[in-house]
Amino acid sequence: MMTCISGVPGTGKSSVSAILRELNYNVVSQKETMDDYILCEDTGRDTVVIDEDLWAVEFKHFDGIIEGHLTHLLDCDQLVILRCSPVVLKKRLEMRGYSPEKVQENIESEALDTILIEALENHKDDIILELDTTERTPEEIAAEIDDFIRGRRGAGFGNIDWSEYLGTMI
(Lines give C-alpha, C1' and ligand atoms only; values in the text may rest on other atoms or scores of the structure.)
Protein backbone atom coordinates (compact mmCIF):
# COMPACT_ATOMS: atom_id res chain seq x y z
CA MET A 1 0.00 0.00 0.00
CA MET A 2 1.36 3.41 -0.97
CA THR A 3 0.49 6.45 1.12
CA CYS A 4 1.20 9.96 -0.16
CA ILE A 5 1.74 12.90 2.17
CA SER A 6 1.22 16.23 0.43
CA GLY A 7 0.81 19.89 1.35
CA VAL A 8 2.35 23.21 0.45
CA PRO A 9 5.92 23.84 1.67
CA GLY A 10 6.04 24.53 5.39
CA THR A 11 3.06 22.43 6.46
CA GLY A 12 5.23 19.79 8.14
CA LYS A 13 5.65 16.99 5.58
CA SER A 14 9.37 16.43 6.16
CA SER A 15 9.14 16.69 9.96
CA VAL A 16 6.23 14.25 10.14
CA SER A 17 7.88 11.90 7.65
CA ALA A 18 11.05 11.77 9.77
CA ILE A 19 8.95 10.52 12.69
CA LEU A 20 7.17 7.98 10.50
CA ARG A 21 10.61 6.74 9.38
CA GLU A 22 11.45 6.20 13.08
CA LEU A 23 8.28 4.08 13.30
CA ASN A 24 9.87 1.85 10.63
CA TYR A 25 7.86 3.04 7.66
CA ASN A 26 9.59 3.05 4.29
CA VAL A 27 9.52 6.81 3.56
CA VAL A 28 10.75 8.39 0.31
CA SER A 29 10.96 12.09 -0.49
CA GLN A 30 9.55 13.09 -3.88
CA LYS A 31 12.82 14.97 -4.48
CA GLU A 32 14.62 11.62 -4.67
CA THR A 33 12.42 10.59 -7.61
CA MET A 34 12.42 13.66 -9.85
CA ASP A 35 15.89 14.07 -11.39
CA ASP A 36 14.84 12.59 -14.74
CA TYR A 37 11.87 14.98 -14.98
CA ILE A 38 13.56 18.36 -14.47
CA LEU A 39 12.78 20.70 -17.35
CA CYS A 40 14.59 23.84 -16.14
CA GLU A 41 15.25 26.11 -13.19
CA ASP A 42 13.02 29.16 -12.92
CA THR A 43 15.23 31.61 -11.05
CA GLY A 44 12.48 34.24 -11.20
CA ARG A 45 10.25 32.00 -9.09
CA ASP A 46 13.13 30.37 -7.19
CA THR A 47 11.98 26.89 -8.20
CA VAL A 48 12.83 23.87 -10.31
CA VAL A 49 10.29 23.15 -13.05
CA ILE A 50 9.54 19.48 -13.65
CA ASP A 51 7.30 17.58 -16.02
CA GLU A 52 4.71 16.77 -13.35
CA ASP A 53 2.43 14.82 -15.67
CA LEU A 54 5.18 12.51 -16.95
CA TRP A 55 6.56 12.05 -13.42
CA ALA A 56 3.12 11.02 -12.14
CA VAL A 57 2.50 8.62 -15.04
CA GLU A 58 5.90 6.93 -14.81
CA PHE A 59 6.10 6.81 -11.02
CA LYS A 60 6.62 3.25 -9.77
CA HIS A 61 4.08 2.32 -7.09
CA PHE A 62 5.75 0.93 -3.94
CA ASP A 63 4.84 -0.22 -0.45
CA GLY A 64 5.46 2.74 1.82
CA ILE A 65 5.10 6.50 2.09
CA ILE A 66 6.12 9.20 -0.36
CA GLU A 67 6.14 12.78 0.84
CA GLY A 68 6.28 16.02 -1.09
CA HIS A 69 4.18 18.91 -2.32
CA LEU A 70 3.30 17.13 -5.59
CA THR A 71 2.57 13.64 -4.31
CA HIS A 72 -1.18 14.24 -4.46
CA LEU A 73 -0.75 13.88 -8.24
CA LEU A 74 0.34 10.23 -7.86
CA ASP A 75 -1.87 7.17 -8.02
CA CYS A 76 -1.84 6.26 -4.34
CA ASP A 77 -3.88 4.07 -2.02
CA GLN A 78 -4.11 6.70 0.72
CA LEU A 79 -3.48 10.43 0.63
CA VAL A 80 -2.77 12.73 3.57
CA ILE A 81 -2.85 16.47 2.99
CA LEU A 82 -1.18 18.60 5.63
CA ARG A 83 -2.54 22.11 6.11
CA CYS A 84 -1.39 25.13 8.11
CA SER A 85 -2.83 28.56 8.85
CA PRO A 86 -1.49 31.04 6.27
CA VAL A 87 -0.37 33.33 9.12
CA VAL A 88 1.79 30.60 10.69
CA LEU A 89 2.85 29.29 7.29
CA LYS A 90 4.14 32.74 6.34
CA LYS A 91 6.36 32.82 9.44
CA ARG A 92 7.68 29.31 8.76
CA LEU A 93 8.57 30.11 5.15
CA GLU A 94 10.20 33.42 6.06
CA MET A 95 12.33 31.60 8.66
CA ARG A 96 13.46 29.26 5.86
CA GLY A 97 14.62 32.26 3.85
CA TYR A 98 12.01 32.04 1.10
CA SER A 99 11.74 35.14 -1.09
CA PRO A 100 8.72 37.38 -0.42
CA GLU A 101 7.25 36.29 -3.77
CA LYS A 102 7.67 32.59 -2.95
CA VAL A 103 6.12 33.12 0.49
CA GLN A 104 3.14 34.89 -1.06
CA GLU A 105 2.69 32.20 -3.71
CA ASN A 106 2.61 29.45 -1.09
CA ILE A 107 0.33 31.17 1.41
CA GLU A 108 -2.11 31.99 -1.39
CA SER A 109 -2.04 28.35 -2.50
CA GLU A 110 -2.77 27.26 1.07
CA ALA A 111 -5.57 29.81 1.55
CA LEU A 112 -7.20 28.73 -1.72
CA ASP A 113 -7.12 24.98 -0.90
CA THR A 114 -5.13 24.36 -4.10
CA ILE A 115 -3.72 20.97 -3.12
CA LEU A 116 -7.03 19.67 -1.79
CA ILE A 117 -8.81 20.75 -4.98
CA GLU A 118 -6.18 19.07 -7.17
CA ALA A 119 -6.37 15.95 -5.00
CA LEU A 120 -10.15 15.77 -5.35
CA GLU A 121 -9.75 15.98 -9.13
CA ASN A 122 -7.49 12.91 -9.07
CA HIS A 123 -8.71 10.72 -6.20
CA LYS A 124 -11.81 9.26 -4.61
CA ASP A 125 -12.97 11.08 -1.48
CA ASP A 126 -12.60 8.03 0.76
CA ILE A 127 -8.79 7.87 0.54
CA ILE A 128 -8.11 11.51 1.54
CA LEU A 129 -7.27 12.62 5.07
CA GLU A 130 -6.73 16.35 5.65
CA LEU A 131 -4.92 17.41 8.84
CA ASP A 132 -4.31 20.87 10.31
CA THR A 133 -0.73 21.10 11.61
CA THR A 134 -0.98 24.71 12.80
CA GLU A 135 -0.97 24.13 16.56
CA ARG A 136 0.05 20.47 16.69
CA THR A 137 3.38 18.73 17.02
CA PRO A 138 4.83 16.56 14.28
CA GLU A 139 4.53 13.63 16.70
CA GLU A 140 0.77 14.16 17.04
CA ILE A 141 0.33 14.37 13.27
CA ALA A 142 2.52 11.29 12.70
CA ALA A 143 0.38 9.34 15.19
CA GLU A 144 -2.78 10.28 13.27
CA ILE A 145 -1.20 9.24 9.98
CA ASP A 146 -0.07 5.96 11.54
CA ASP A 147 -3.66 5.35 12.68
CA PHE A 148 -4.95 6.19 9.16
CA ILE A 149 -2.49 3.82 7.50
CA ARG A 150 -3.36 1.01 9.93
CA GLY A 151 -7.11 1.55 9.44
CA ARG A 152 -7.75 2.80 12.98
CA ARG A 153 -9.15 6.08 11.68
CA GLY A 154 -11.01 6.98 8.55
CA ALA A 155 -10.53 9.52 5.84
CA GLY A 156 -11.94 13.01 6.13
CA PHE A 157 -11.51 16.45 4.70
CA GLY A 158 -13.28 19.76 4.25
CA ASN A 159 -13.20 21.10 7.81
CA ILE A 160 -10.25 23.44 7.27
CA ASP A 161 -11.21 26.90 6.05
CA TRP A 162 -8.73 29.72 5.57
CA SER A 163 -11.14 31.89 3.53
CA GLU A 164 -11.10 34.64 6.18
CA TYR A 165 -7.42 35.06 5.40
CA LEU A 166 -8.18 35.78 1.73
CA GLY A 167 -9.70 39.14 2.67
CA THR A 168 -6.43 40.23 4.26
CA MET A 169 -4.50 39.54 1.05
CA ILE A 170 -6.23 42.26 -0.99
Return the residues of region 119-154 that are among the aliphatic types (A, V, I, L, M) and within 15 Å of the chain's Cα centre (by Cα); say none if nothing qualifies.
Ala119, Leu120, Ile127, Ile128, Leu129, Leu131, Ile141, Ala142, Ile145
Kindly provide the set of residues from region 1-32 that are of a type in the set (S, T, N, Q), in contact with a strand residue (DSSP E or B) (Cβ under 7 Å, 6 or more places away or on another chain), more than 19 Å from Ser109 (Cα to Cα) and part of a loop (DSSP other than H, G, I, E, B), ordered by number.
Asn26
Looking only at region 160-170, and only at residues there that are hydrophobic (A, V, I, L, M, F, W, C) and touching a helix residue (DSSP H, G or I) at 6+ places or on another chain (Cβ under 7 Å), the one that is surrounded by the most Cβ atoms within 10 Å (Cβ to Cβ)
Trp162
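When the residues of region 64-84 are narrowed to those that are of a type in the set (Asp, Glu) and touching a strand residue (DSSP E or B) at 6+ places or on another chain (Cβ under 7 Å), which ends up surrounded by the fewest Cβ atoms within 10 Å (Cβ to Cβ)? Step through it out loud before you land on a result.
Filtering region 64-84 for residues of a type in the set (Asp, Glu) gives 67, 75, 77.
Next, from what is left, pick out any that are touching a strand residue (DSSP E or B) at 6+ places or on another chain (Cβ under 7 Å): 67, 77.
Working: Glu67: 25, Asp77: 13.
Filtering region 64-84 for residues that are of a type in the set (Asp, Glu) and touching a strand residue (DSSP E or B) at 6+ places or on another chain (Cβ under 7 Å), the one surrounded by the fewest Cβ atoms within 10 Å (Cβ to Cβ) comes out as Asp77.
For region 111-159, give me each residue that is β-branched (Val, Ile, Thr), touching a Leu at 6+ places or on another chain (Cβ under 8 Å) and surrounded by fewer than 17 Cβ atoms within 10 Å (Cβ to Cβ). Give the steps one after another, and end with the answer.
Quick first cut of region 111-159, residues β-branched (Val, Ile, Thr) only: 114-115, 117, 127-128, 133-134, 137, 141, 145, 149.
Okay, now just the ones that are also touching a Leu at 6+ places or on another chain (Cβ under 8 Å), so 127-128, 133, 141, 145.
Within region 111-159, just Ile127 meets the criteria.
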Considering (1) out of contact with any Gly (no Cβ under 6 Å at 6 or more places or on another chain); (2) touching a residue at least 60 places away in the same chain (Cβ under 8 Å), say which one Thr133 fails and leave the rest.
(1)
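Hey, among the residues in region 63-111 that are part of a helix (DSSP H, G or I) and of a type in the set (Gly, Ala, Ser), which one's nearest to the chain's Cα centre (by Cα)? Break it down stepwise before answering.
Step one: of region 63-111, the residues part of a helix (DSSP H, G or I) are 71-73, 86-95, 100-111.
From what's left, of a type in the set (Gly, Ala, Ser): 109, 111.
Details: Ser109: 11, Ala111: 14 Å.
So the residue we want is Ser109.
Within the bounds of region 32-45, is there any residue that is surrounded by 12 or more Cβ atoms within 10 Å (Cβ to Cβ), out of contact with any Leu (no Cβ under 7 Å at 6 or more places or on another chain) and among the basic types (Lys, Arg)? Outline the logic, then answer.
Of region 32-45, the ones surrounded by 12 or more Cβ atoms within 10 Å (Cβ to Cβ) are 33-34, 37-38, 45.
Add one more test, that the residue is out of contact with any Leu (no Cβ under 7 Å at 6 or more places or on another chain), and what stays is 33-34, 38, 45.
Subsequent filtering for residues that are among the basic types (Lys, Arg) retains 45.
Yes: region 32-45 contains one or more residues that are surrounded by 12 or more Cβ atoms within 10 Å (Cβ to Cβ), out of contact with any Leu (no Cβ under 7 Å at 6 or more places or on another chain) and among the basic types (Lys, Arg).
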Hits in region 66-106 (condition: free of Cβ contacts under 8 Å to residues at least 40 places away in the same chain, of a type in the set (A, V, I, L, M) and touching a helix residue (DSSP H, G or I) at 6+ places or on another chain (Cβ under 8 Å))
Val103
Which condition breaks for Arg45 when tested against (1) of a type in the set (Lys, Arg); (2) in contact with a Ser or Thr (Cβ under 9 Å, 6 or more places away or on another chain); (3) modelled with pLDDT of 95 or more?
(3)
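The values are calculated or read from the model by the stated rules, or taken from the named source; none is laboratory data. Since the model is a prediction, treat every value here as computed from it, not as a measurement. Because the Cβ atoms are built from the backbone with ideal geometry, glycine has one as well, and the counts that use them run over all protein chains shown.
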